Amino acid sequence: MAILNRFAEMLPEITAWRRDIHEHPELLFDCERTAGVVEAKLKEFGVDQIKTGLGRTGLVGVIKGKSTASGKVIGLRADMDALPIFETSGVEHSSKTEGKMHACGHDGHTAMLLGAAKYLAETRNFDGTVVVIFQPAEEGGGGGKEMVDDGMMDIFGIQEVYGMHNMPTLPVGHFAIRPGPMMAATDQYDIHVEGIGGHAAMPNKAIDTTLVASQIVVALQSIVSRNIDPLDNVVITVTSFETESKAYNVIPQRVHIKGTCRTLSVEARDQSEEAIKRVAEHTAVAYGATAKVGYERGYPVTVNHVEQTAFAADVAREVAGADAVQDDADPLMGGEDFSYMLESRPGAFIFAGNGDTAMVHHPDYDFNDELIPAGCSYWVKLVETRMPAA
């Protein structure tokens, strides 16, 4: 494995940064402390420019190579926010804020990009400009979109953009990537069913919303199997079923169903939205009830650009070896707001192995610090290979 020796030396330092961030998790756009730590480090490293306030609490650092004659500008992105989860990992650096934890490894992503920034600012062994991007609110807030909407790509002239995420179950030092759809669009829906409430002993005098809503839940399962192309990946999941009544002998007037829809193509996304509305509304009518459907589109599909994906896979092979890089990985039905950056500029999103740890979003999860040298080396090799010094 071609890990840069400098990162083996820096591992204790970068690990300390990571664990400090882990102890102080912040949600969504409330990343003031984390952004402050990042800003202080970038100043210490001597980067050429720092701009704060992008995407509210996001920031970027600009690092120029020994030469910028190539005119190339590459963006590298890390996310900073945590999740509203009670940590049960038991590690010494556990969250100090009850109900919040870094359960997705964004603390590690931030630390690895800081490590790469320190190295690049020291060596500047490339011809071009690197823009290191530290983004808030990946976990549902759309911080990536806000940074793009704030003009980040144009302000810094970013031509390509790359992202990385840790992946439990993938061995440490291994990488996985694919061209095209890498992660799913993340939509959510609410179905409000209304019938006629009444006494549970006299259902004939009511329109039983629990029965109607249950039929809707069952009918929704037919969309993927009977309405969507079998070769297209779609997940429609009901995650909440809530009635107005808490009593044993009351048929509720209303039921609220919530769920998520995940798709990997624009066509499947459109079909799924239409089908969820149609199935819910018409099933309710069949039982004499009504259903009102609200459908909210979230992050778009994360689509890796073909040429940049092939390049990123080659860089990963240089770091990890050919046998440790999968360049045709299966797409995941989780979502990622790096998708907005890939809609704005060509680039690629890669997974780096976190080893045999709890899955992300689990209260026992912790970022594996053994990944740091490989992740940092990947960032540096990407820059130095894409923008080689003259």
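The length gained on full extension between ASP356 and ILE196, counted as 0.36 nm times the residue separation minus their Cα-Cα distance, comes to 52.4 nm.
Only bridges whose two residues both fall in the chain count here: according to DSSP, what percent of them are antiparallel, nearest 5?
Antiparallel bridges make up about 65 percent of those DSSP assigns within the chain.
Candidates ILE228, ALA206, MET101 compared by Cα position along the dipole of the chain: farthest toward the positive end lies ALA206, with charges placed on Cβ.
Note on segment 217-359: semi-axes of the ellipsoid equivalent to its C-alpha gyration tensor, largest first and rounded to whole Å, are 40, 18, 13. Fraction of C-alpha pairs exceeding 28 angstrom in the chain: 50 percent, rounded to a whole number.
When chymotrypsin sites (Phe, Trp or Tyr not before Pro) are flagged only if DSSP places them in a loop and at most 13 other Cβ atoms lie within 10 Å, the longest unflagged stretch of the chain comes out as 87-247.
The equivalent ellipsoid of segment 185-296 has semi-axes of 29, 13, 10 Å, largest first, where each one is the square root of 5 times an eigenvalue of the Cα gyration tensor.
Stretched out straight at 0.36 nm per residue, the stretch from GLU122 to LYS43 would grow longer than its current Cα-Cα span by 27.2 nm. Taking every Cα-Cα distance in segment 22-135 and sorting them into 10 Å bins from zero, the calculated P(r) comes out as 14, 43, 27, 12, 3, 0 percent. Its DSSP H runs of at least 4 residues, each contributing -39,500 (n - 2.57), put the calculated 222 nm mean residue ellipticity of the chain at -11500 deg cm²/dmol, to the nearest 500.
Of all the options GLY128, GLY151, GLY58, the one that moves most in a Gaussian network model of the chain with Cα springs shorter than 10 angstrom is GLY151.
Cross-link pairs exceeding 30 Å between alpha carbons, from the set LYS43/LYS96; LYS100/LYS292; LYS145/LYS258; LYS51/LYS258: LYS100/LYS292; LYS51/LYS258.
Relative to the Cα centre, the charge distribution of the chain, modelled as +1 at Lys and Arg Cβ and -1 at Asp and Glu Cβ, gives a dipole magnitude of about 400 debye. The lysines whose alpha-carbon is closer than 22 Å to the alpha-carbon of LYS381, local same-chain residues fewer than 8 away aside, are LYS41, LYS64, LYS66, LYS72, LYS118.
Values quoted throughout were computed directly from the atomic coordinates according to the rules given, and no laboratory measurement underlies them. Everything numeric here is computed off the predicted structure, so don't read it as measured data. Ideal geometry is used to build each Cβ from the backbone, glycine not excepted, and the neighbour counts take in all protein chains shown.
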